[in-house]
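Read the structure below first, then the notes.
The values are calculated or read from the model by the stated rules, or taken from the named source; none is laboratory data. This is a predicted model, so every value here is computed, not measured. FYI the Cβ positions are ideal-geometry reconstructions off the backbone, even for glycines, and counts take in every protein chain you see. Calculation scope for accessible area: heavy atoms of the full protein, side chains included, ligands and nucleic acids excluded. Shrake-Rupley method; radii C 1.70, N 1.55, O 1.52, S 1.80 Å.
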Amino acid sequence: LFLHGWAGKPNEAAAAFLAEHGIASMTFSLSGHNDSDGDIADQTRQKSLQEVLAAYDLLQVQTKNKIAVAGNSYGGYLAALLAAERSLAAVSLRVPANYPDEHFDESQLNQRGTIVDWRELPLEFNTTRSLKAIHDFAGAVQIIEAELDEMVPHQTVQNYVSAVSNKAKLDFHLMKGWPHSISGSQERAEQLQDILLHWLSQKV
């Protein structure tokens, strides 16, 4: 199950790549994104999570296999929350965003500019729902950091890494020279696909 970033697009290329290698994948757009109904201004983290849960439940009906989730940025945050709500075999977080638990049910558009400094803070695993979900998750966790990320700082990624309780189940990658977004780079997209395929083949 692929979860895209805020105002981002579904990773259909990665889903197709995994399908070619025998791993069925599902992508979708959050409401207010791309061709989905709704207004992005109405999107809250609570609403986003409910939509992710609905997507998971639909995928579960369609398959009897184990389900893994791969989330990018805002989708990484949602993937962490999903781990606390549904059964997952593995969780992949690329440049995962994080947010304070406050204002969970308020418009996400009004909050994005208020957390820049907060994301630089070292946080214990029980500080946010997302970090606690990763700490409590018993399956395999993959975390991918972009060295030149201008949106999700190193400390935010490190907070997720530190939250993983069993480091033997952690697969961490620091992508040298990469920015937050890799849209427009076929080479980086293909490298990410290979990393994800290798990890899923080993862990799921």
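Descriptive notes on the structure:
- When +1 charges are put on Lys and Arg Cβ atoms and -1 charges on Asp and Glu Cβ atoms, the dipole computed for the range 1-126 relative to its Cα centre reaches about 500 debye.
- Entry note: the range 104-148 has Rg to Rh equal to 1.02, where both radii use alpha-carbon atoms and Rh is the Kirkwood radius.
- Relative contact order [Cα under 8 Å, 6+ residues apart], the range 6-116, whole percent: 24 percent
- Placing +1 on the Cβ of every Lys and Arg and -1 on the Cβ of every Asp and Glu, with nothing else charged, gives the range 61-204 a dipole about its Cα centre of roughly 640 debye.
- Normalised Debye scattering of the range 158-201 at q = 0.23, 0.34 Å⁻¹ gives log10 I(q)/I(0) of -0.95, -1.17, counting only Cα atoms as equal scatterers and leaving out solvent.
- Solvent-accessible area assigned to carbon and sulfur over the range 71-180 amounts to 50 percent, based on a 1.4 Å probe.
- Available extension along the chain between Asp39 and Gln202 is 54.7 nm, counting 0.36 nm per residue and deducting the alpha carbon span.
- Checking every one of the GluC sites (Glu not before Pro) in the range 88-158 against DSSP loop status and a limit of 14 other Cβ atoms within 10 Å picks out Glu102, Glu106, Glu124, Glu147, Glu150.
- Where the chain is the region considered: accessible area per residue in Å², 1.4 Å probe: 48 Å²
- Over all pairs of different C-alpha atoms in the range 123-204, the reciprocal of the mean inverse distance, the Kirkwood hydrodynamic radius, equals 13.7 Å.
- Legend: residue pairs Lys176/Lys203; Lys66/Lys203; Lys132/Lys169, Cα-Cα distance threshold 22 Å; pairs beyond threshold, Lys176/Lys203.
- Note on the range 1-52: semi-axes of the ellipsoid equivalent to its C-alpha gyration tensor, largest first and rounded to whole Å, are 24, 11, 7.
- The share of Cα pairs per 10 Å bin across the range 27-108, counted from zero up to the longest distance, runs 17, 51, 28, 3 percent.
- For the range 78-157, the convex hull drawn through the C-alpha positions has a volume of 94 cubic angstrom per residue.
- Additional length obtainable on full extension of the chain from Lys66 to Trp118, 0.36 nm per residue less Cα span: 15.2 nm
- Efficiency of FRET between Lys169 and Leu109 - r from beta-carbon atoms, R0 30 angstrom, step 0.05: 0.25
- Remark on the chain: ratio of C-alpha radius of gyration to 2.2 N^0.38 Å is 0.94.
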